[in-house]
Amino acid sequence: MSQPYARAMLPGAKVGGGYLTITNEAATNDRLVSATASRAGSVQLHEMKFDNGVMVMRELEGGITLPAGTTVELKPGGYHVMFMDVQQPFKEGEDIRATLTFERAGSIEVDFTVGPPAGNGGHGKHEGHGK
Ligand SMILES: [Cu+2]
């Protein structure tokens, strides 16, 4: 697993993206089914992709499949962890502790290191996501 990272959030923002690379070294498929973090009211698993030239995002109800022996990248513009209902926006340099739960591998604690905020494009569209 690569060093997980998150994006710094603007003051007042309620949602933020988290990214990491997961390698399933097992001989069986696994699945990232859910995540939790004390800094977020809830955590969802999302996918972003271009649909007719427009970046759209949806929640992955069934989680993220990790085929045996493969590496799956959660990155801006693709799969990502979405921290929802964040009360204190993430600041650059912080570590956001989260628990990732896998169907087979069980629960794993990881720290998302907060990097610079998103620039134009990429994850910027997320601002409209919370309420
Ligand atoms: Cu999202």
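Where a number appears in this text, it was derived from the coordinates with a stated rule and is not lab data. Since this is a predicted model, take the numbers as computed values, not measurements.
Tabulated values for the structure
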item: Amide proton proximity set for A8, modelled H, under 5 Å, gap of 5+; result: G115, A118
item: Spatially close lysines, pair count over the chain: Cα under 21 Å, gap of eight or more or interchain; result: 10
item: 10 Å binning of all Cα-Cα separations within the chain, expressed as whole percents from 0 upward; result: 13, 47, 32, 8, 0
item: Residues with amide H under 5 Å from that of I96, placed H, sequence gap 5 or more; result: F112, T113, V114
